[in-house]
Structure formats: C-alpha cells, structure tokens
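This report refers to the structure that appears directly beneath it.
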Amino acid sequence: MKIALIGYGKMGHMIEQIAIARGHEIVCKIDVDNQDDFDSPAFASADVAIEFTNPTAAYSNYLRAFKHNVKVVSGSTGWMTDHKDDVEALTKDGKQTLFWASNFSIGVAIFAAVNKYLAKIMNQFPQYDVEMEETHHIHKLDAPSGTAITLAEDIVDLLDRKDAWKAGVTTWDDGHVDGSTDHKANELLVNSVRHDEVPGIHTITYNSEADQITISHSAHSRQGFALGAVLAAEYTANHTGLLTTTDLFSSLIP
Ligand SMILES: NC(=O)C1=CN([C@@H]2O[C@H](COP(=O)(O)OP(=O)(O)OC[C@H]3O[C@@H](n4cnc5c(N)ncnc54)[C@H](OP(=O)(O)O)[C@@H]3O)[C@@H](O)[C@H]2O)C=CC1
Ligand SMILES: O=C(O)C1=N[C@H](C(=O)O)C[C@H](O)C1
C-alpha cells in the first residue's frame, strides 16, 4: 500500500518504521516546511495518508487531503470541539473517509471495553464516586488528553449519575497547578498531570467510604499507538466513511 505521512514528529517517525516493516511504501512526507507537497502527484498517489500533527493543524490537513480524494487516518487530538460536526458532514455516506481515534493501541481498546462494563455495573452502587486522571509528557499541547475525553464520554453515556465531564487541574513537574477541582456531583472530574517523557497513563477510580476500585492503562512506549495506526490504514484502504477503532477491533472486542 502507498502511504503519505502528514506530520513527521515522534509518531510520524515511528509509523514510518512500522509501515515499511509491514511491506508498505511511504510515498510522501509532509511537515511544516513542505506544505506545497499536498498538491504533488506523490501525495495524490497515496492510498491512505496518516496524520499526526497537533490540535490546530489537523482539521485543515484533512481538508487538504480530501481535496485530492485521499483517505485519512488521524490520531491528532484536541480538534474535535471545533470541527466534529464538519467532519461528520464531510464523511457522511462515505463521501470522504477519515479513520480517527483518540488512541490507536489495542491495549486502550481493551481498557475502553472494561471501562464501559464497569460504568454499567456502578449504576447499582451509588456509594461510589468516580474520577479520572491522565498523565502525559510535558510537550503535550492539549489537556485533558483525547483518550481521557473518549473514556469520560463513555462513562457519561453509561453511568446514570454523571451527566457531563469537566476538566479539573493540570499539575506540572515544577509543582505549579492550573485549573480547579470545583465540580458538581453530576460532573465527572478529569485531572491531568504533565510529567517528564511519560507516553500516556489513564486511570479511572471509583471511591467509596469502604474501599476503592482502580483501573489503569499505562503505555510503555508509543509503539502500540503507531502499530494501531498502520493497522487502521490497512483497514481504511478497504472501507469508507467515518471509521474508528471499534470498527477495526470489532471481531476481537465485543
Ligand atoms: N491517537 C493516538 O493513538 C495518539 C495520538 N497522538 C496525538 O498525535 C499528535 C502528534 O503527536 P506527536 O507525533 O507525539 O507530536 P510531535 O510534536 O512529535 O509531531 C507533530 C509533527 O507535526 C508537525 N506539524 C505541525 N503542524 C503541521 C502541519 N500543518 N502540517 C504537517 N505537519 C505539521 C510538527 O512540526 P513542528 O515540530 O515543526 O511543529 C511535528 O513534526 C498529537 O495531537 C498527539 O496528541 C499521539 C500519540 C498517540
Ligand atoms: O500526545 C500524546 O502523546 C498522546 N495523545 C493521545 C491522547 O491525547 O490521548 C494518545 C496517547 O495517550 C498519547
């Protein structure tokens, strides 16, 4: 398969290695300094473009790829609040194709299934309150993480006593803290920690007077995200519309 890379940072480099090892060809690499390559024959020849950039660049990158009818797999986070409706309209009825996931690792897909199962059980046990914490490297531009938002949306959907999630505090290595933990009982608080070079930890805690139940996923490296993105590109080559990891892993995770 011919793959174009949009964004050649930490994820772009790792995806390149895995894609080549799986027998794919990288036909074009677009970063900040060669934006004209979006209009090159090499870019247009790609079966799929894999996009990992940042919250502000992602949506316009999708539009530039769609202009050439190139399908996109993207893991960029932090753009959904502004552009979710536009992306849904663009991909409706398979007109354009975007595979987007806040987290591409199989481990997080399993963790998300456990999170949903636990939230459903907890409807029977009102004595437990729930909170979430995510920890990432200090370079991360968005908080809470995209993964935390996806997990929080699932809890809000399934746990009757929570109607919305709310960003709490972000705590930094030097000890300074942004934000506030003020929240209403019906809001799920999501706190963030920015520490060193942590690839990504997500922890969900149900606490009662008697005890505490904690589920946590910790990535050892970016390897799982990058492999998932290449598997998603292979899937996207044969599918259309708005796709995500529940489509990719549907035969493995009920
Ligand atoms: N869904 C998932 O599984 C995962 C998602 N992510 C998300 O992916 C994104 C990228 O992560 P990561 O690779 O670690 O970040 P990096 O900062 O290492 O890489 C991003 C790259 O994109 C480049 N870039 C910025 N703007 C543009 C643009 N308009 N067009 C093309 N390239 C551009 C940057 O260049 P420059 O440095 O010059 O600005 C940089 O090289 C983030 O949003 C992150 O949250 C990360 C890991 C997993
Ligand atoms: O910025 C990162 O690094 C990551 N971003 C994604 C997110 O926001 O959830 C996925 C992963 O946790 C790493």
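Tabulated results
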read-out	value
Hits in the range 14-42 (condition: buried (at least 16 other Cβ atoms within 10 Å of the Cβ), under 22 Å from L227 (Cα atoms) and without any contact (Cβ under 8 Å) to a residue 40 or more places away in the chain)	E16, I26, V27, C28, K29, I30
Members of the range 169-180 found to be over 18 Å from H137 (Cβ atoms) and either in a strand (DSSP E or B) or in contact with a Leu (Cβ under 6 Å, 6 or more places away or on another chain) (or both), listed by number	G179
Answer residue from the range 204-236, given it is crowded, with 16+ Cβ neighbours inside 10 Å and away from ligand 2 (no atom under 16 Å from the Cβ) and is nearest to E133 (Cα to Cα) among those	Y206
Index of the failed condition, V108 passing every other in (1) at pLDDT 95 or above; (2) outside any helix (DSSP H, G or I)	(2)
Residue among A164, A101 that alone is in contact with a helix residue (DSSP H, G or I) (Cβ under 7 Å, 6 or more places away or on another chain) and exposed (fewer than 14 other Cβ atoms within 10 Å of the Cβ)	A164
Number of the exception - A152 against (1) in a strand (DSSP E or B); (2) within 13 Å of ligand 2 (Cβ to nearest atom); (3) of a type in the set (G, A, S)	(1)
Extreme residue, farthest from ligand 2 (Cβ to nearest atom), among residues of the range 10-63 that are in contact with an Asp or Glu (Cβ under 8 Å, 6 or more places away or on another chain) and part of a strand (DSSP E or B)	C28
Any hit, the range 195-206, residues being touching a residue at least 40 places away in the same chain (Cβ under 8 Å) and charged (D, E, K, R)	yes
Test: residue in the range 230-252 that is among the small types (G, A, S), within 16 Å of ligand 1 (Cβ to nearest atom), at pLDDT 95 or above and assigned by TED's automatic domain parsing to the domain that holds H24	yes
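The values are calculated or read from the model by the stated rules, or taken from the named source; none is laboratory data. Small disclaimer: the values here were computed from a predicted structure and weren't measured. Every residue, glycine among them, receives a Cβ derived from its backbone with ideal geometry; neighbour counts consider all protein chains shown.
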